[in-house]
1. In the stretch 120-161, how many residues are more than 23 Å from Pro59 (Cβ to Cβ) and in contact (Cβ under 8 Å) with a residue 12 or more places away in the chain?
2. Residues of the stretch 42-85 being within 18 Å of Tyr121 (Cβ to Cβ) and exposed (fewer than 13 other Cβ atoms within 10 Å of the Cβ), which ones?
3. Of all residues being among the acidic types (Asp, Glu) and under 14 Å from the mean Cα position of the chain (by Cα) in the stretch 92-114, which is surrounded by the most Cβ atoms within 10 Å (Cβ to Cβ)? Just the residue, please.
4. Take the conditions surrounded by fewer than 22 Cβ atoms within 10 Å (Cβ to Cβ), among the polar types (S, T, N, Q), at pLDDT 95 or above and more than 26 Å from Glu63 (Cβ to Cβ) and apply them to Gln88. Does it pass?
5. Only one of (1) acidic (Asp, Glu); (2) in contact with a strand residue (DSSP E or B) (Cβ under 6 Å, 6 or more places away or on another chain); (3) not in a strand (DSSP E or B) is not met by Glu65, so which one is it?
6. When the residues of the stretch 113-159 are narrowed to those that are under 21 Å from Gln103 (Cβ atoms) and not in a strand (DSSP E or B), which ends up modelled with the lowest pLDDT?
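The values are calculated or read from the model by the stated rules, or taken from the named source; none is laboratory data. Just so we're clear, the structure is a prediction, and the values are computed from it rather than from any experiment. Methodologically, a virtual Cβ is constructed for each residue, glycine included, from the backbone with ideal geometry; neighbour enumeration extends over all protein chains shown.
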Amino acid sequence: MKFFNAILIITISVFLLSACGNSNFKTESKKTIDVVKETLNEKAKKADNKSGDINFYLPFGYEIEDESQNNILLKNGSKQYILFNNPQENKVSDVVYKSTVAQHKDLEVNEQFKSNKQFGYLIIKKLEEDMNEMTIGVGGTKITTLIKTSSLKNEAAVMTQIVKSVENEKKEGNDEK
């Protein structure tokens, strides 16, 4: 009889813990959506870094690890971020968003934030129990990282500040902005 009680308790515990994990994701993702929406409505941070033809804000502790024509690999401690920029697309474009969504199946979060000045979005794909792939974008620019569920909200605020600050330098024939 003790054996069956032990099995019952273990089964109930596993069920409750898995339910709590899912509830935690739902709570954190709702908070993350609110933070991204709020940060997108704030004034963009002043650009203090340059890579190729783009200028952007980089918070304290973040550094450029590597860069190529359209991608900048950022690092903050052990965390890595990929900042992608398509200079052909402006801040109201949804081209990068559509191509990003087309690459994924079963997105847990797929939010769009539209205004006449910018098209922002938040995409979260759950990878494992507590790991997620989060992408935040504005027009032709997006930033992606792998992140624990408990850090979604805090990382989203900083990532949104970075992506919102990106400005492409004007080139001849480029009538952006």
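1. From the stretch 120-161, those more than 23 Å from Pro59 (Cβ to Cβ) are 125-130; that's our starting set.
Narrowing further to those that are in contact (Cβ under 8 Å) with a residue 12 or more places away in the chain: 125-127, 129-130.
Qualifying residue count for the region: 5.
2. Matches in the stretch 42-85: Glu42 only.
3. Taking the stretch 92-114 and keeping what is among the acidic types (Asp, Glu), we get 94, 106, 108, 111.
From the residues that got through so far, the ones that are under 14 Å from the mean Cα position of the chain (by Cα) too are 108, 111.
Values: Glu108: 13, Glu111: 16.
Here the answer is Glu111.
4. Working: surrounded by fewer than 22 Cβ atoms within 10 Å (Cβ to Cβ): yes; among the polar types (S, T, N, Q): yes; at pLDDT 95 or above: no; more than 26 Å from Glu63 (Cβ to Cβ): yes.
Considered against the rule, which asks whether it is surrounded by fewer than 22 Cβ atoms within 10 Å (Cβ to Cβ), among the polar types (S, T, N, Q), at pLDDT 95 or above and more than 26 Å from Glu63 (Cβ to Cβ), Gln88 comes out as no.
5. (3)
6. Among residues in the stretch 113-159 that are under 21 Å from Gln103 (Cβ atoms) and not in a strand (DSSP E or B), the one modelled with the lowest pLDDT is Glu128.
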